[in-house]
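The values are calculated or read from the model by the stated rules, or taken from the named source; none is laboratory data. Keep in mind that this is a model prediction, so the values were computed, not measured. We place every Cβ from the backbone using ideal geometry, glycine too, and count neighbours over all the protein chains shown. SASA here: full protein model, heavy atoms, side chains in, ligands and nucleic acids out. Shrake-Rupley method; radii C 1.70, N 1.55, O 1.52, S 1.80 Å.
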Amino acid sequence: MAGGLAKAFGAPRPLLPGPIQGQCRRKRSQHRNASLRGAGLVGWLLGLVGPLQPLWAGESAATLMAEAALPQAAPLQVVPQAAVPTAEVAEAVASERPAPARLTPAGAAPAAPQEPLPTPGSFADVRPGDWSYQALSQLVAVEGCPGADGRVVLDGAMPLSRFEAAALLQACRFTSGDRTDLLLRLEREFQPELAVLQGRVDALETRLGELQATQFSASTILWADLRMWLGAVQYGGNQIDRARNTYNGRPLREALNLVYDVRFNFDTSFNGQDLLRVRLRSGNGGYSGFRSNIAPSLQVAGLSPGSCEPGKTCRNGQIVLDKLYYQRSIGNHLHLTVGSRVNQKDMLGIWPSVYGENEVLLSPFDKAGAPGAYSDIKGTGIGLYWNQRDQGGTTPGLVLSGVYATAGGKDGNPAEGGLFTAASVGAATAQLGYLGRGWGVAAAYTYNQAGAYDRSAITPLAAQTWPKLQPGLGGHVDSYGLSAFWQPLRPGWIPAINLGWGLNRNVYDHDGPDAASRLLAASSQSWMLGLNWSEAFNSGSELGLAIGSPLGLTRYTNPAGEQGADDQALMMEIWYRYQATDWLSITPGLFWLPRPRGQLTASASDWDSTPLPRSQGSSFHAFGAVLKLRFRF
């Protein structure tokens, strides 16, 4: 499901995203405690206001609740006192004297004389010995008032504030069938406090009506994710023309730059067990140094759009439809996803890594070490996964997924795209995983059609030899991935450990218009090791460190029959995410790519070069520093 089932600490991802889950929890809590803010009507209104919290514009739900809250009423549990005999309460009402707190046993010393009845408002608390305290105890025991579910203690030991007593009385007024003398007497006693409560209820009703008239939708939540990066990349090596500051004629993007990516998510649930997500997105990173035009694996995660070349169409600054899909449960263990703008990762039942769950710098480290198997194609897709675990995800169990995503699903011409055609540029994935308590493992196989690969986690030679819909490169790729993670049950100095490995075998067509040379052969591998420490140095913060290699060739034969592979490209990153507030995180980080172009490090080398491209003596590396701000609201 959205972002992979195990994005939340490796557990199968709940059908609803974090904001909707939190909203549903708030709804259940508010309905369960609907009468807790004193009067039954006050509590009901507060329970109704709660679900609207994310939708108010310019109004704070906490502000409204604080204005309607009772002064300093401690959230205690109701324990009604043993009922005072009804006859004695009636006698107390008739004679206007306090009812006794308890009967004096036979043979015991006579009770001390009762104090004179105080006038209304002459005492700060309602004490256990006061007639009103005893009357309220009797009223709660007889009527079963809504306030008796956890708001006020009536145990004969602790006093009540007058507002606590008035709140309990008002709750009883809405459940009592008869206007008894006892109830009328209590209403007269607490008339000033009841008037204050009623005034606040009236004001809250008025403001609630205004909010309901302007709310976005009762079932849709809008939440935003805004990211900004400040930093630069510095290149080095003997393949750079420093006089022109270029590599093979391409300008080096080394200037300090500030770029952004903003996403607006509209999440709708129709029955609490489904999700319709629509995401609008815009970014201006197309010409940024964080989107390298020279080294494909130098791609900062989360930045959009992809790298732009001068003179070509670029989506810089444009608002685009980034996601559009629907998910729902089919029974207790089966889940379906379908969409016209959906990622492979959104539909999988398990994401076998907790590295990158909240933060990651370079995009290749967000592929669980196997960017071939987890190619993360975005487009038209359908996915189904079965989860052996219970709905709460608290028990260990198997997770089985099958998904299909294609970038060409919007095209009607089968020669250019469509679903399940040779030109679909699609990826079909089968995944089997197991999730335990604090750990998980998954194996995946992906059939990648010609042209279907992740362009942010691959070396230039591996990208150029990947089967495509062009002469000499027709075919497909069989990709395999094995990934696992383990995380401590409690935060500490022991980090979460993430391991991943991928293997890819290119299968070229030797017949047809795109037939490849029978001598051409290629296979590639990738790997990663990621460590992350949650709650590092500060609550909610995290420290991360990763090392690995993007998808690079390990076996290669060029069209001339020459063999050799020297395409490994190491990459490293370290970062610290400081959670400044609930809505703002600040992440400084560093990354280093000592050989981002792999076997094509030498300037002007290409996949079909004769002789075989070599990089001995050639050097080209990249170092980057970035400060990232992320706002979620």
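Brief remarks on what is shown
- Checked against the criterion of being in contact with a Ser or Thr (Cβ under 9 Å, 6 or more places away or on another chain) and not in a loop (DSSP other than H, G, I, E, B), the stretch 394-401 contains one or more residues that satisfy it.
- Residues being assigned to a loop (DSSP other than H, G, I, E, B) and either of a type outside the set (A, V, I, L, M) or surrounded by fewer than 21 Cβ atoms within 10 Å (Cβ to Cβ) (or both) - total across the stretch 295-335: 23
- Some residue of the stretch 357-372 being open to solvent by 10 Å² or more (accessible area, probe 1.4 Å), modelled with pLDDT under 90, under 21 Å from the mean Cα position of the chain (by Cα) and not hydrophobic (A, V, I, L, M, F, W, C): yes
- Subset of the stretch 521-535 [open to solvent by less than 10 Å² (accessible area, probe 1.4 Å) and at pLDDT below 95]: 522
- Close pairs from the stretch 550-561: first within 30 Å of residue 592 (Cβ to Cβ) and among the hydrophobic types (A, V, I, L, M, F, W, C), partner part of a strand (DSSP E or B) and open to solvent by less than 10 Å² (accessible area, probe 1.4 Å), Cβ under 7 Å, at least 6 apart: 551/458; 551/502; 551/504; 551/524; 551/526; 553/522; 553/524
- Residue within the stretch 421-428 that is open to solvent by 70 Å² or more (accessible area, probe 1.4 Å), closer than 24 Å to residue 380 by Cα and part of a loop (DSSP other than H, G, I, E, B) present: yes
- Residue list for the stretch 239-282, restricted to those being open to solvent by 40 Å² or more (accessible area, probe 1.4 Å) and of a type in the set (Gly, Ala, Ser): 243, 249, 255
- Taking first residues from the stretch 378-391 that are in a loop (DSSP other than H, G, I, E, B) and partners that are acidic (Asp, Glu) and open to solvent by 10 Å² or more (accessible area, probe 1.4 Å), no Cβ contact under 8 Å between residues at least 6 apart in sequence or on separate chains turns up.
- Counted residues, the stretch 493-518 - those being outside any strand (DSSP E or B) and either without any contact (Cβ under 8 Å) to a residue 12 or more places away in the chain or open to solvent by 90 Å² or more (accessible area, probe 1.4 Å) (or both): 6
- Neighbours by Cβ (under 6 Å, 6+ apart or cross-chain): first from the stretch 224-241, under 17 Å from residue 317 (Cβ atoms); second part of a strand (DSSP E or B) and open to solvent by less than 40 Å² (accessible area, probe 1.4 Å): 226/262; 227/261; 227/630; 229/259; 229/626; 229/628
- For residue 536, the test of being among the hydrophobic types (A, V, I, L, M, F, W, C), under 41 Å from the mean Cα position of the chain (by Cα) and outside any strand (DSSP E or B) is passed.
- Under the condition of being in contact with a Phe, Trp or Tyr (Cβ under 9 Å, 6 or more places away or on another chain) and either within 13 Å of residue 162 (Cβ to Cβ) or modelled with pLDDT of 85 or more (or both), the residues counted in the stretch 191-216 number 3.
- Evaluation of residue 286 against (1) part of a loop (DSSP other than H, G, I, E, B); (2) open to solvent by 50 Å² or more (accessible area, probe 1.4 Å) (one fails), failing number: (2)
- For residue 167: the one exception among (1) open to solvent by less than 20 Å² (accessible area, probe 1.4 Å); (2) part of a helix (DSSP H, G or I); (3) modelled with pLDDT under 80: (3)
The rows are residues; the columns are (1) open to solvent by 10 Å² or more (accessible area, probe 1.4 Å); (2) under 30 Å from the mean Cα position of the chain (by Cα); (3) at pLDDT below 95.
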| position | (1), (2), (3) |
| --- | --- |
| 555 | yes, no, yes |
| 560 | yes, no, yes |
| 566 | yes, no, yes |
| 577 | yes, yes, no |
| 586 | yes, yes, no |
| 598 | no, no, yes |
| 609 | yes, no, yes |
| 617 | yes, no, yes |
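- Among the residues of the stretch 268-278, the one identified as touching a residue at least 60 places away in the same chain (Cβ under 8 Å) and closer than 22 Å to residue 303 by Cα is 277.
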